[in-house]
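Please read the structure below before turning to the comments.
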Amino acid sequence: MPYTTVIFDLDGTLLDTLDDLAAAGNHVCAAHGWPTFTRDQYRYKVGNGQPKLIERLIPAEFAGDGRVFEETIRAFRAYYDAHKEDRTAPYPGVPELLDTLRGAGIRLAVLTNKDH
């Protein structure tokens with residue numbers, strides 16, 4: 001049976017969001033005086049949504065501190081919301097792939113854990 005619908009994830013599948021996520025993460029880490037991370041290190045920190053990313057950014061001595069977590073995720077979201085399109089872009093070939101699928105009459109959908 002031919003496919004009629006394709007469902008994609010957004011971050012890391014259709015869009016390369018790593019640079020903007022890393023910039024937001026490093027912004028909040030630096031603001032707290034915590035260590036920052038390289039782009040490559042963020043490859044192992046992202047996934048499973050923003051709350052999990054924040055947990056992975058908070059140093060061990062603050063793990064489980066709800067106040068620190070809430071303040072950090074609030075600051076992260078504020079920065080990311082203002083800068084989420086600075087460097088985010090579709091991966092090479094993605095727009096053409098989507099056009100090809102649409103042209104073949106395939107319905108497209110995105111399922112993401114983004115807040116919006």
If Leu98 passes every condition in (1) farther than 30 Å from Pro2 by Cα; (2) part of a helix (DSSP H, G or I) but one, which one does it miss?
(1)
Only one of Ile54, Ile106 is of a type in the set (A, V, I, L, M) and free of Cβ contacts under 8 Å to residues at least 40 places away in the same chain. Can you tell me which?
Ile54
Does at least one position in region 68-75 carry a residue that is open to solvent by 70 Å² or more (accessible area, probe 1.4 Å), modelled with pLDDT of 95 or more and not aromatic (Phe, Trp, Tyr)?
yes
If you scan region 101-116, which residues turn out to be part of a loop (DSSP other than H, G, I, E, B), surrounded by 13 or more Cβ atoms within 10 Å (Cβ to Cβ) and more than 12 Å from the chain's Cα centre (by Cα)?
Ile106
Could you please give the count of residues in region 23-48 that are open to solvent by less than 70 Å² (accessible area, probe 1.4 Å) and over 16 Å from Tyr79 (Cα atoms)?
7
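The values are calculated or read from the model by the stated rules, or taken from the named source; none is laboratory data. On a predicted model such as this, the values are computed, not experimentally measured, just so you know. Virtual Cβ from ideal backbone geometry, glycine too; neighbours counted across all protein chains shown. These accessible areas exclude ligands, DNA and RNA; they are computed on the full protein's heavy atoms, side chains included. Shrake-Rupley method; radii C 1.70, N 1.55, O 1.52, S 1.80 Å.
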